[in-house]
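As structure tokens, the structure follows; a few thoughts come after it.
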């Protein structure tokens, strides 16, 4: 019973954290946070690819039309519902994520431009999601595999 209460509390704190970030969300910060939390271990190319996935979703009619709404869409990016404290703690990587986000948003980044709308780290999942078997692989960076959803 005690474990259930702890799990419920952790879920409530996670939901509170997501709600707080949604409330004060700016597109540039949301993009940088998404890149940082999803790919900081994959270097600048990995972070940029996650940024491009986010922006490709904004452009797609299948997803919300703002970066904030795409990033915080229910269970689309793991960190938004599994990490209770979204504050970046690795200053150098956070600075790099913000720089890449600014370049992507200003159009000054040299894009991979592969149309990716999804990604995953096969080593980090217990079971491959169904969509991963249906979508086309369009790139790999480190442990991440990037996919394009056929339109």
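Computed from the coordinates by the stated procedures, all read-outs in this text should not be read as laboratory data. Note that the structure is predicted; figures quoted are calculated from it, not measured. Cβ sites come from the backbone with ideal geometry, for glycine too, and all protein chains shown count toward neighbours.
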Give, in nm to one decimal, the length gained when the segment between residue 128 and residue 99 is fully stretched (0.36 nm per residue of separation minus the Cα-Cα distance).
7.2 nm
Gained length - residue 44 relative to residue 28, 0.36 nm times residue gap less alpha-carbon distance
4.1 nm
Which order results if 113, 27, 45 are arranged by neighbouring Cβ count within 10 Å, fewest first?
113, 45, 27
Can you classify region 34-108 as rounded, prolate or oblate using the Cα gyration tensor, where a ≥ b ≥ c are the square roots of its eigenvalues, rounded means a/c under 1.5, and otherwise it's prolate if a/b beats b/c and oblate if not?
oblate
Mind running the shape call on region 53-151? Use the C-alpha gyration tensor, a ≥ b ≥ c as the square roots of the eigenvalues: rounded below 1.5 for a/c, prolate if a/b tops b/c, oblate otherwise.
rounded
